[in-house]
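Right, one structure below, let's go through it.
Coordinate-derived values only; no laboratory data. This one's a predicted model, so the numbers in the text were calculated from it and none came from an experiment. All Cβ positions, even for glycine, are placed from backbone atoms using ideal geometry, and neighbour counts span all protein chains on display.
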Amino acid sequence: MNRQLVKSIGNLTARLSRCQISTSAVLGNQSAVLGQEARDKIHPRIGNREIVGFGINGSASYFDIPEIPFPAIRFKESTGENLALLDKQAADWKTLTLQEKKDLYRISFCQTYAEMHAPTGDWKRIISFFLMSCSLTGWIIIWMKLYGMF
């Protein structure tokens, strides 16, 4: 009886081991090592932008988020001027002008941290909607008192 039980448990574990799924994480951004044709199939919406990192959950997308400072793709597409500036970047940075350094930053990023944390002025819209709704409520109460609803 014990041999038969051990044999059936052994068969069961052998069957279960064939049915398991893989739970290992993907190692890096695979599209960075793929050819242009495969890259275009995987990421058709990014255009001619260079994939430079892993990004948010490995997706090739651009977001200006202070908590995740390095997006997966560059902000601007690779043009002749941008590529020349990126090649010039590999040399000594003392030879670059201040405008070229700013342009290098804008090739990779849309906003600086100061621009991301700048106030947006949304509080003005919220206060105006609140005051308009209070005003509308007051006019409805006046209308109801005039025409005998209360």
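Round to the nearest 0.05 the FRET efficiency obtained for Y113 and S78 when R0 = 25 Å and r is the Cβ-Cβ distance. So, using R0 = 25 Å, E works out to roughly 0.50. In a simple Cβ point-charge model (Lys, Arg +1; Asp, Glu -1; nothing else charged), the stretch 35-149 has a dipole of about 420 debye relative to its Cα centre. Distance between the 7 Å Cα→Cβ label points at L131 and K101: 4.5 nm. For the stretch 78-150, the square roots of the Cα gyration tensor eigenvalues, ordered a ≥ b ≥ c, give a/c of at least 1.5 with a/b greater than b/c, which places it in the prolate category. Using a/c under 1.5 as the rounded threshold, could you call the stretch 70-109 rounded, prolate or oblate? The axes a ≥ b ≥ c are square roots of the C-alpha gyration tensor eigenvalues, and prolate needs a/b larger than b/c, oblate otherwise. Prolate is the answer for the stretch 70-109, as a/c is 1.5 or above and a/b outweighs b/c. Straight-line cross-link partners of K124 among the aspartates and glutamates, defined as a Cα under 18 Å from its Cα and at least 8 positions apart when in the same chain, are absent.
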